[in-house]
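Any read-out appearing in this document is the output of simple, stated calculations on the displayed coordinates, not a laboratory observation. Fair warning: this is a prediction, and the values are worked out from it, not measured in the lab. Here Cβ is always computed from backbone atoms with ideal geometry, including for glycine, and neighbour counts include all displayed protein chains.
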Number of protein chains: 2
Amino acid sequence: MNQIVQTERTRLRRLHERGSYHRATINAILDAGMLCHVGYVIDGSPYVTPTNYWREGERIFWHGSSASRMLRQQSAGTPVCLTVSHLDGLVLARSGFHHSVNYRAVMIFGRAEPISDPAAKTTHLKAFVDGLFPGRWDELRPMTEPELKATTILCMPIDEASAKVRTGPPIDDEEEYALPVWAGVLPLETHTGKPIPDPHLREGIAPPAYLDGFKLG
Amino acid sequence: MNQIVQTERTRLRRLHERGSYHRATINAILDAGMLCHVGYVIDGSPYVTPTNYWREGERIFWHGSSASRMLRQQSAGTPVCLTVSHLDGLVLARSGFHHSVNYRAVMIFGRAEPISDPAAKTTHLKAFVDGLFPGRWDELRPMTEPELKATTILCMPIDEASAKVRTGPPIDDEEEYALPVWAGVLPLETHTGKPIPDPHLREGIAPPAYLDGFKLG
């Protein structure tokens, strides 16, 4: 199995049996989401900004306004930690101590590189939109040159990364399984609601089929 | 309205009309979630760790194993950024450029303080569990002294904080509302699934009513 080399930053120190360095595991966790939390440092202070991301092969991408301080800082090549996590359930045990959560998380360390070529930018934005809604990009009014200029796209190789996953029921102290307390898992799922058409929507346009196919989590 | 003073770190530089420094707004966003992303710096590198949190009044709490490197680092009083975000929907516009997401997010800056008194630790853990499942704490086998020792609880005042919120339909360029492209919002919601009883669950224990009342998002 395609495995990523551990580094001092990605080596899992606690509960390492929950950890993984397999690309397939990491990719599956990344592909199940679209919101990440990017950490970076300005003047010694940590900042954690939520933003959307997408994966292309062995690279992770995120983007935003070229005026964004976060993106300007990151474009300069400072170290970044990008974390994706899914909360899958609450794990209720017989003691407070053994309560837990089921989750899937990935941490990626590295330095971001900006995509500067306008044609390349368009290709990556298409990959982002079509990754969510296959075929939508070609339905849209194309990007203009000023819009491409105003959009910063960053990417980072998924080289220094680890996954951590917890699944399954609570693990209680052996003698406590007999206690008269409900124990088990309360699962959490992300659902899409009914699409809400824009009040300005031109008449006669039905919600496209790709909305039904959209799934997160 | 109770408003938090802005600092250089919390001043919203972009789309500031989406920002808020009202305690009521910040608290509502915090109370709708339980997973945060904590950013901290070790040897100049940013780390972003997903973890559970809870709010008590004007303080935010998180916890974990006393053996955790993250918590030991944060207990030492280094600067921390704690971010909570909810992804509420995908906003589909007529151009790629105007696509967006609806979200609610809070960033809190500060330095964490550990809770060291065992009785205080118990009180805060009870607040966490009962905040999720009212009344559950008293059903559980009580915390032991070694368990309290093995648990680090950190808290931080919600003093240097900001919220950012986007809601509503896409904002397209005026002349593009007429384009024959579906536009609108695809809402995202967190749902709880059916509780999964622990395979070891003692017979005759029904899922407690507080599971039905649980809601995130």
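Short version: ³J(HN,Hα) in whole Hz for each residue of segment B:173-185, in order, from phi by Karplus 6.51 cos²θ - 1.76 cosθ + 1.60 (θ = phi - 60°), x for Gly and Pro, what are they?
5, 3, 6, 9, 4, 7, 5, x, 10, 5, 9, x, 10
How much space per residue, in cubic angstrom, does the convex hull of the C-alpha atoms of the protein assembly as shown take up?
Convex hull volume per residue, Cα atoms: 157 Å³.
Would you mind calculating the relative contact order of segment B:81-217 from Cα pairs under 8 angstrom and at least 6 residues apart, reporting the percent as a whole number?
Value for segment B:81-217: 35 percent.
Under a Cβ-Cβ cut-off of 12 Å, what is the net charge of the residues other than B:T83 that fall near it, where Lys and Arg count +1 and Asp and Glu count -1?
+2
Provide a whole-number value for the mean count of partner chain Cβ atoms within 10 Å of the Cβ atoms in peptide A:80-87.
5
For B:R72, what is the net charge nearby, where nearby means another residue's Cβ is under 15 Å from its Cβ and Lys, Arg count +1, Asp, Glu -1?
Once positives and negatives cancel, what remains is +3.
In whole Hz, with x marking every Gly and Pro, tabulate ³J(HN,Hα) for segment A:107-117 from phi via Karplus 6.51 cos²θ - 1.76 cosθ + 1.60, θ = phi - 60°.
Taking θ as phi minus 60°, the curve returns 10, 10, 10, x, 10, 7, 10, x, 8, 10, 5 Hz for segment A:107-117.
What is the set of long-range amide H partners of A:I42 at a cut-off below 5 Å, with H atoms built 1.01 Å from backbone N?
Those lying under 5 Å, H to H, from A:I42 are A:Y47.
Would you please classify the overall shape of segment A:79-137 from the alpha carbon gyration tensor, given that a ≥ b ≥ c denote the square roots of the eigenvalues, rounded means a/c under 1.5, and beyond that prolate means a/b larger than b/c while oblate covers the rest?
Judged from the Cα gyration tensor, segment A:79-137 comes out oblate (a/c at least 1.5, b/c at or above a/b).
Take B:C155, B:C36 and order them by how many other Cβ atoms sit within 10 Å, fewest up front.
Listed from fewest to most nearby Cβ atoms, that is B:C155, B:C36.
Return a whole-number percent for the relative contact order of segment A:29-143, with Cα pairs under 8 Å and 6 or more residues apart as the contact set.
22 percent
Can you give the mean number of other chain Cβ atoms that lie within 10 Å of the Cβ atoms in peptide B:172-180?
That works out to 3 on average.
Taking θ = phi - 60°, what integer Hz values does the Karplus form 6.51 cos²θ - 1.76 cosθ + 1.60 yield along segment A:124-131, in sequence order, with x for Gly and Pro?
6, 5, 4, 4, 5, 5, 5, x
Taking H placed 1.01 Å from N in the peptide plane, check which residues at least 5 places from B:N102 or on another chain put their amide H under 5 Å from its amide H.
Under 5 Å from the amide H of B:N102: B:D88, B:G89, B:L90, B:V91.
Take peptide A:131-143, look around each residue's Cβ out to 10 angstrom, count Cβ atoms belonging to other protein chains, and average those counts.
4
Which order do the peptides B:185-197, A:101-113, B:52-64 take when ranked by the mean count of other beta-carbon atoms within 10 Å per residue, highest first?
Result, highest mean first: A:101-113, B:52-64, B:185-197.
Under the convention of a label 7 Å out along Cα→Cβ, give the distances in nm from B:E175 to the same position in every other copy, shortest first.
Its label point is 8.0 nm from the equivalent points in the other copies.
What is the count of Lys pairs in the protein assembly as shown whose alpha carbons sit under 22 Å apart, if the two are 8 or more places apart or on different chains?
Here the count comes out as 14.
Non-local amide H neighbours of B:E58 (under 5 Å, H modeled in plane, Pro and chain starts lacking H): which ones?
none
Kirkwood hydrodynamic radius, chain A, all distinct C-alpha pairs: what's the number in Å?
Roughly 19.9 Å, rounded to one decimal.
What FRET efficiency comes out for A:E175 versus A:R14 if R0 is 35 angstrom and r is the Cβ-Cβ distance? Round to the nearest 0.05.
Using R0 = 35 Å, I get an efficiency of 0.90.
Quote the charge dipole size of segment A:16-211 about the Cα centre in Debye, to the nearest 20; the model charges only the Cβ of Lys and Arg (+1) and of Asp and Glu (-1).
560 debye
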